[in-house]
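Undergrad: One structure, pasted below without further comment.
Values in this text are rule-based calculations from the coordinates and carry no lab data. All of these numbers come straight from a predicted model, not from anything done at the bench. A quick note on method: Cβ atoms are made from the backbone with ideal geometry, for glycine too, and the neighbour counts reach across all protein chains shown.
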Amino acid sequence: MAKSVFRLCFLFISFVTCVFSRVILPESKNHVTAILDVSSSVQKTIDILSFNPDQILQEEEDSVNEQQSISDFSSSFSFTAKLQTRDTILKSTHKDYETLTLDRLKRDSARVDSIITKLDLATKGISKSDLKPLVVEKEFEELKSQNRDNIVGPITSGLSHGSGEYFSRVGVGHPPKPQYLVLDTGSDVTWVQCAPCTECYQQTDPIFEPSSSTSFAHISCDAQQCKSLDNSACSNESCLYQVNYGDGSYTIGDFVSETLTFDNSKTTVEKISIGCGHDNEGLFIGSAGLLALGAGSLSFPSQVKATAFSYCLVDRDSSSASTVQFGPEAQPADAITAPLLRNSRLPTFYFVGLTGMSVGGQPLNLSGSVFDMSPGSLSGVIVDSGTSVTRLRADVYNALRDAFVEGTQHLPSAGAFALFDTCYDLSSKTTVSVPTVAFLFPGGKSLVLPAKNYLVPVDSKKTFCFAFAPTRQQLSIIGNLQQQGTRVSYDTAKSVVGFSPNKC
């Protein structure tokens, strides 16, 4: 609701006389309300279903860039790569936007379940290697003893881990073979599917063939990279890896050294340790694998010694591209910064110091410790590129939703949709005014979200839903819907997370 005052001032030639009356303060200056362009959002839901991914590939082939090749990394090393949304690389097979939304939410729920399971087990002192199902242990042992040149198997699809919504085009090997990799701040091991497969899911590009790369090299079992894996084994003195996800999904194969190329061959980085997965179940349908941007020692930023990196995520229904940037200039000078917190039991994840939230410019009445991180419990707030919908503790979510509903009583309700319990029928609207929503950080800093980041269409009939969801856990996750249009930067040297609106 807009703030009001009860003073109306009349300016005369030489003095000011004031009387009391009710007037509305300028809303834009007080971060009280935001305008949602309903028509524009709905048009994007129509356009994305008919978008042709071949347009993106042709643009990449037509572009020419200067090249740089790096094998010795330093903290001053920097480069930029392009990001694209999932639905600009895969031709939509959905009959309408509603089914597309349901599919996205299904993947997102699987992603959140995986994260919570992983974190919950870690806080209880259970290692990631304990997560593998019994059948996987058998397959891991078989892989150690087999001649992988003779492996053949089916190509299957899966989505149980929940693939992220943002992909980067990465050249793997030399000469580089373009592959779409999911951007993931919640993982430390970069990997791609490799031929020959015992089991591989469906991906957009041909599966990477190691024999076609002159830079492909096995990593020995006594190498530090192999020892840094949570779950590894040896076969003919070469390192094998296995990554298990919280929902039972996994990837198994050779842990190797390979060359990765970014931004249509503009930047080549050599001797990067990655997984070459021959057995991959239930993961990242459409992509060839994963670009790990977590905080662990094997993540891509750690391997290239990038103490800072950032990404900007465009609207997931947009055909535009955005970027991921590595190096000291990754964080804009005008970023809204918050403490970057680390949990020794959960070294992969980026926790952020959050002090509260506000609706319509008014802070929610929350406990001062509601977002605190405790190393011994599943608590705190993480920023995650792979989760779409921000998850909040149930008590925080209820307070947030109730405050938003109070400020949107002028909008007709549309009931619930999937995991969203607060939706609106905006079929008669072209624009609407809604209360602002903001994240509050230490030092009085705040990140005020644009309306399209928290009131989103779920069909093409102008049904919009409040895009937050509750969780039964004490942990909260800031998802990529709320990050859209904002450059999110992670500076591990300065221990800060930065948010820079409109920096895509």
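Undergrad: Rounding to the nearest 20 debye, state how big the charge dipole of the range 263-316 is about its Cα centre with +1 on each Lys and Arg Cβ and -1 on each Asp and Glu Cβ. Walk me through the numbers before you get to the answer.
TA: Values: 4 positive and 5 negative charges, 47 e Å.
About 220 debye.
Undergrad: Hey, can you grab everything whose amide H is under 5 Å from the amide H of Ser379? Only 5+ residues off in sequence or another chain; H modelled, so Pro and N-termini drop out.
TA: Under 5 Å from the amide H of Ser379: Ser374.
Undergrad: Also, quick follow-up: Using the Cα centre of the range 377-448 as the reference point, and only Cβ charges (+1 on K/R, -1 on D/E), how large is the resulting charge dipole? Debye, rounded to the nearest 20.
TA: Working: 5 positive and 6 negative charges, 38 e Å.
Value, rounded to 20: 180 debye.
Undergrad: What net charge do the residues around Thr463 carry, taking every other residue with its C-beta under 9 Å from that of Thr463, with Lys and Arg at +1 and Asp and Glu at -1? The partial results should precede the final answer.
TA: Values: positive: Lys461, Lys462; negative: Glu98, Asp425, Asp459.
Net of charged neighbours comes to -1.
Undergrad: Follow-up. Between Asp120 and Lys445, what FRET efficiency comes out of the Förster formula 1/(1 + (r/R0)^6) with R0 = 30 Å and r the beta carbon distance, rounded to 0.05? Please report the intermediate quantities before stating the final value.
TA: Values: r = 30 Å, r/R0 = 1.02.
It comes out at approximately 0.50.
Undergrad: Same structure, new question: Suppose a student asked you for the relative contact order of the range 241-353, using Cα pairs under 8 Å spaced at least 6 residues apart; what percent would you report? Could the numbers behind the result be given before it?
TA: Values: 152 pairs, mean separation 18.2, N = 113.
Rounded, it is 16 percent for the range 241-353.
Undergrad: Let me check I've understood the local charge: for Thr408, count other residues with C-beta under 13 angstrom from its C-beta, Lys and Arg +1, Asp and Glu -1. What total comes out?
TA: Working: positive: Arg401, Lys429; negative: Asp402, Glu406, Asp425.
So the surrounding residues net to -1.
Undergrad: Amide H neighbours of Gly277 under 5 Å, counting only residues 5+ apart in sequence or on other chains, H built in-plane at 1.01 Å?
TA: Those lying under 5 Å, H to H, from Gly277 are Val192, Gln193, Cys194.
Undergrad: Which shape class applies to the range 432-491: rounded if a/c is under 1.5, otherwise prolate when a/b exceeds b/c and oblate if not, where a ≥ b ≥ c are the square roots of the Cα gyration tensor eigenvalues? If you can, show how the numbers build up before the last one.
TA: Values: a/c = 1.85, a/b = 1.46, b/c = 1.27.
It comes out prolate by the Cα gyration axes.
Undergrad: Check Ser388: other-chain or 5+ apart residues with amide H under 5 Å from its amide H, H built from backbone geometry?
TA: It is Asn480, by chain and number.
Undergrad: Would you work out the relative contact order for the range 174-268, in percent, from Cα pairs under 8 angstrom that are 6 or more residues apart? Present the calculation step by step, with values, prior to reporting the outcome.
TA: Values: 113 pairs, mean separation 22.0, N = 95.
Relative contact order here is 23 percent.
Undergrad: Could you please state, rounded to a whole Å, how far the C-alpha centre of the range 442-500 is from the C-alpha centre of the range 279-320?
TA: Centre-to-centre distance over Cα atoms comes out at 18 Å.
Undergrad: Taking square-rooted eigenvalues a ≥ b ≥ c of the alpha carbon gyration tensor, is the range 287-348 rounded, prolate or oblate, where a/c under 1.5 means rounded and, failing that, a/b exceeding b/c means prolate?
TA: Details: a/c = 1.71, a/b = 1.23, b/c = 1.38.
In terms of gyration-tensor shape, oblate.
Undergrad: Given axes a ≥ b ≥ c from the Cα gyration tensor, I'd like to know whether the range 215-302 is rounded (a/c under 1.5), prolate (a/b larger than b/c) or oblate.
TA: Details: a/c = 1.57, a/b = 1.09, b/c = 1.44.
Verdict is oblate for the range 215-302.
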